[in-house]
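Following: one structure in C-alpha cells, then a few remarks.
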Amino acid sequence: VIDISYSTSKYDQETKVLVYGEAESADYLISNLVDNHFESYSEPYQYLQGNLGYSLKRIILPNQTIVLPCFPELLLDLAKGFPVMMS
C-alpha cells in the first residue's frame, strides 16, 4: 500500500498504520509531502495490547532511491518526485 500524504499525514502515521498492520499488509509506504520524504513501514507484529502495527519504520530522504517491496526490479528515484531544497 502506498499513500500520498499531505493534509492527512498524522492520520496516516497514527491510524492507518494500525489498520494496515491489522490487515497484515507486508509493507505500508507513505509519500509524506509535509516532511518531504517517504516513510516505509514493514514487518507487521502484534503489540501487547492486542493492536497490530509494524516493527520497522524507515525514512527515505528526497535524494535517495527506494526499491518498491512488491516490485524489486523497480527503483523509485525520490529526487524526481520531491523538490530539491537548497540551503
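The values are calculated or read from the model by the stated rules, or taken from the named source; none is laboratory data. Fair warning: this is a prediction, and the values are worked out from it, not measured in the lab. Here Cβ is always computed from backbone atoms with ideal geometry, including for glycine, and neighbour counts include all displayed protein chains. Ligands, DNA and RNA are excluded from the accessible area calculation, which covers all protein heavy atoms including side chains. Shrake-Rupley method; radii C 1.70, N 1.55, O 1.52, S 1.80 Å.
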Legend entry - region 48-63: number of residues that are modelled with pLDDT of 90 or more and part of a loop (DSSP other than H, G, I, E, B): 1
Legend entry - Asn36, sole failed condition from (1) touching a strand residue (DSSP E or B) at 6+ places or on another chain (Cβ under 9 Å); (2) open to solvent by less than 30 Å² (accessible area, probe 1.4 Å): (1)
Inset, instruction - For region 26-47, state whether one or more residues are assigned to a loop (DSSP other than H, G, I, E, B) and at pLDDT below 85. - result: yes
Inset, instruction - Go through the residues of region 7-23 one by one and say whether even a single one is aromatic (Phe, Trp, Tyr) and not in a helix (DSSP H, G or I). - result: no
Legend entry - The listed residue being at positive phi and open to solvent by 80 Å² or more (accessible area, probe 1.4 Å), out of Glu22, Glu14, Glu43, Glu73: Glu43
Legend entry - Residues of region 47-70 classified as farther than 17 Å from Asn32 by Cβ, without any contact (Cβ under 8 Å) to a residue 24 or more places away in the chain and open to solvent by 70 Å² or more (accessible area, probe 1.4 Å), total: 4
